[in-house]
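Colleague: The structure under discussion is supplied below as structure tokens; questions concerning it will follow.
The values are calculated or read from the model by the stated rules, or taken from the named source; none is laboratory data. Keep in mind the model is a prediction, meaning the values are calculated, not measured. Heads up, the Cβs are rebuilt from the backbone with ideal geometry, glycines too, and the neighbour counts pull from every protein chain shown. These accessible areas exclude ligands, DNA and RNA; they are computed on the full protein's heavy atoms, side chains included. Shrake-Rupley method; radii C 1.70, N 1.55, O 1.52, S 1.80 Å.
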Amino acid sequence: MQKIKVRAHAKINLYLDVVGKREDGYHNLETVFHSVELHDDVIIRKQAAKGIIVSCEHPGVPRDSRNLAYRAANLLSNSVGGIGGLVIEIHKRIPVAAGLAGGSANAAAVLHGVNELFGLGFTQETLMQFGAQLGADVPFCLHGGAALGLGIGDQLTPLPVLPDVPLLLLNPGIEISTGTVFKKLNFSLTTREKRSIIIKACLEKGDVIGIGKNLYNLLEVPVFSQYPEIAVLKTELSTQTGSCGALMSGSGATVFAVMHNSEAARRSESHFINRVNFCTTTVTSPVGVHVY
Ligand code: ATP
């Protein structure tokens, strides 16, 4: 095998609470992740010359060692004493710095793809440990489906997957740095809303309406205070006909709505399409990475 093609799926957070500050400066989270069908294509090819080459047409994505996909390949290569040369082609569909874990998904696709392409034989668990060294969302992107994330989001417990639930994703084109959002966060342990239990129960029952009603993300507080236009978009999304509820994903700026059906999702898409930078209908996905 000379090349492998891997779909790298985006994620949304149906629930995100910050439960404490750690000594290393990071925060402990309680979050419910779900993979979505929206994905980047990552094509990995062996090449004779040593080294890792990343190609990506998106201007916001670095092509050097800052690229998470590059770092994933480098990490695996170093762990086995070198694997020779490879080229990683990234075709972006997931908006960049948008709270959808695009970079993490690319890294997960490379960990999975390189392991297969070079027959390295690492288990899923070991790949997830490598992933945690690259970024908090990488283990979930490898795991895929639905999961509860504790710690920095890397301690995962599988949850029941919602099958093919229609979603509408909007991004106003504001790139947000996750680190900056956490710095601005002034969280109080006493005001926490423990809605994760409800979200988990809704996932177990496949209760899409219940999920829509109980979506929660504490990071909306610092993000909406800096960018009120994102709050306006979210309100508009949640009041669309056929919307079960709306939320900002991760540290933003993408907001999504859980929709009753795909017709309603498409109707709302046509309402927003000319007003935002990125607007797409998608569905929940049972996988995070997928060889095609
Ligand atoms: P998260 O929710 O995990 O914080 P995000 O979806 O908000 O991630 P990304 O799309 O992963 O954000 O991009 C964050 C930053 O990472 C960007 O500013 C970009 O320059 C850098 N980056 C590095 N590698 C990649 C990659 N393969 N794809 C996209 N961005 C990348």
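Colleague: May I ask you to say which residue of V221, V181 is closer than 18 Å to G99 by Cβ, in a helix (DSSP H, G or I), open to solvent by 50 Å² or more (accessible area, probe 1.4 Å) and among the aliphatic types (A, V, I, L, M)?
Modeller: On inspection, the qualifying residue turns out to be V221.
Colleague: What's the total number of residues in segment 34-70 that are within 10 Å of the ligand (Cβ to nearest atom), closer than 19 Å to F130 by Cβ and not in a loop (DSSP other than H, G, I, E, B)?
Modeller: 5
Colleague: Just to be sure before I move on: is L167 of a type in the set (A, V, I, L, M, F, W, C), open to solvent by less than 50 Å² (accessible area, probe 1.4 Å), away from the ligand (no atom under 15 Å from the Cβ) and in a strand (DSSP E or B) in the structure I sent?
Modeller: Answer is yes for this residue.
Colleague: Name the pairs: first residue in segment 244-269 and part of a loop (DSSP other than H, G, I, E, B), second residue surrounded by 24 or more Cβ atoms within 10 Å (Cβ to Cβ) and aromatic (F, W, Y), Cβ to Cβ under 6 Å, at least 6 apart or on different chains?
Modeller: Listed by first residue and then by second, the contacts come to S249/F256.
Colleague: Somewhere in segment 207-218, is a residue at pLDDT below 95, of a type in the set (G, A, S) and either open to solvent by 40 Å² or more (accessible area, probe 1.4 Å) or farther than 18 Å from I273 by Cα (or both)?
Modeller: Checked segment 207-218: no residue is at pLDDT below 95, of a type in the set (G, A, S) and either open to solvent by 40 Å² or more (accessible area, probe 1.4 Å) or farther than 18 Å from I273 by Cα (or both).
Colleague: When segment 79-92 is examined, which residues are found to be in a loop (DSSP other than H, G, I, E, B) and within 11 Å of the ligand (Cβ to nearest atom)?
Modeller: If the condition is that a residue be in a loop (DSSP other than H, G, I, E, B) and within 11 Å of the ligand (Cβ to nearest atom), then K92 is the only one that fits.
Colleague: Select, from A98, A105, A10, the only residue that is under 20 Å from the mean Cα position of the chain (by Cα), hydrophobic (A, V, I, L, M, F, W, C), assigned to a helix (DSSP H, G or I) and within 9 Å of the ligand (Cβ to nearest atom).
Modeller: A105
Colleague: Show the residue pairs that are 6+ apart or on different chains and have beta-carbon atoms under 7 Å apart, the first residue being within segment 90-106 and among the basic types (K, R), the second being near the ligand (Cβ under 6 Å from one of its atoms) and outside any helix (DSSP H, G or I).
Modeller: K92/V61
Colleague: For segment 224-247, give me the residue count where each residue is surrounded by fewer than 20 Cβ atoms within 10 Å (Cβ to Cβ), under 21 Å from the mean Cα position of the chain (by Cα) and among the charged types (D, E, K, R).
Modeller: Of the residues in segment 224-247, 0 are surrounded by fewer than 20 Cβ atoms within 10 Å (Cβ to Cβ), under 21 Å from the mean Cα position of the chain (by Cα) and among the charged types (D, E, K, R).
Colleague: Further question on the same structure: Within segment 121-144, which residues are part of a loop (DSSP other than H, G, I, E, B), within 14 Å of the ligand (Cβ to nearest atom) and surrounded by fewer than 24 Cβ atoms within 10 Å (Cβ to Cβ)?
Modeller: Passing the criteria: G135, A136.
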